[in-house]
Amino acid sequence: MDQPDPKNGSGLILFVTEPMRSFLAIASGDLRLSEELRGIASDLSSKNTVSYKLLRAIWTGSDPLTRPGLLGLFSGSDFVFTSPKPREKSEELKMRLLKLKEIAERKEYAELVQDITPKKQVEEPFSSYKDQLGFGLHVGLTMFTGYLVGYASFRALFNRNPALSAAGGILGLVLAMLVETLLFIIKTSKDDQIQSSKSFTPSFTPTTKKNQ
């Protein structure tokens, strides 16, 4: 059977009991062991913990007639459990944590100043009666103009046919309504962009102390 390498002290670690200490003290003077093993046994006899591999190497090389039984030698001893080293955070994870911390600080700052910061009023389109009335008259006039243009165009094209002239007027009315709808969408979008640009303020980033 292969003997454990006496230089390899890794692996299971045991608490040293009195039977172990006595055995190691005796093994330190055992001429059957190599000089290296005797030195290791002498050193381990004063320790509170011992590697299982080293203790097994010393026990295997000692005199079989005088050495204690292996089960009796380990009786009463417990394993030493060591905590693994904490994993180091990657640079990417550190940057993400820093960004999350800054976001949390900005949110906390916003909550602190929300009572003292004046709220900006957002002007909604057609919020006044005058705007609503002006827009309604403008749409009505545009649709009426579209009806007249369509009616006159179809009347001239189809030899003054009343049905086709009326159809042309309706078509002109619908086209005018679509144009007004498109213009309304464009105007609303521009107003939203202007409001967004006016309401934009540079975000405040609280100063944090960073450990270098």
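The values are calculated or read from the model by the stated rules, or taken from the named source; none is laboratory data. None of these values were measured; they are calculated from a predicted model. In this analysis, Cβ positions are derived from the backbone assuming ideal geometry, glycine residues included, and neighbour counts consider all displayed protein chains. Remember, those area values only see protein heavy atoms, side chains included, never the ligands or the DNA or RNA. Shrake-Rupley method; radii C 1.70, N 1.55, O 1.52, S 1.80 Å.
Within region 1-30, the set of residues being modelled with pLDDT of 80 or more, loosely packed, with under 11 Cβ neighbours inside 10 Å and assigned to a loop (DSSP other than H, G, I, E, B) comprises just one member, G29. The single residue among Y147, Y151 that is in contact with a Leu (Cβ under 6 Å, 6 or more places away or on another chain), among the aromatic types (F, W, Y), surrounded by 10 or more Cβ atoms within 10 Å (Cβ to Cβ) and modelled with pLDDT of 80 or more turns out to be Y147.
Annotation note: Cβ proximity below 7 Å between a residue of region 13-27 that is in contact (Cβ under 8 Å) with a residue 40 or more places away in the chain and a residue that is acidic (D, E) and surrounded by fewer than 17 Cβ atoms within 10 Å (Cβ to Cβ) (sequence gap 6+ or interchain) occurs for F15/D78.
Being assigned to a helix (DSSP H, G or I), modelled with pLDDT of 80 or more and open to solvent by 90 Å² or more (accessible area, probe 1.4 Å) narrows it down to one of K130, K107, so name that one. That would be K107, the only listed residue that is assigned to a helix (DSSP H, G or I), modelled with pLDDT of 80 or more and open to solvent by 90 Å² or more (accessible area, probe 1.4 Å). Looking at T207, T188, which is the one that is exposed (fewer than 15 other Cβ atoms within 10 Å of the Cβ), modelled with pLDDT of 70 or more, at negative phi and of a type in the set (S, T, N, Q)? Unique residue meeting the criteria: T188.
Yes or no, residue by residue, for (1) at pLDDT below 80; (2) of a type in the set (S, T, N, Q); (3) assigned to a helix (DSSP H, G or I):
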| position | (1), (2), (3) |
| --- | --- |
| L55 | no, no, yes |
| D63 | yes, no, no |
| G72 | yes, no, yes |
| S77 | yes, yes, no |
| E92 | no, no, yes |
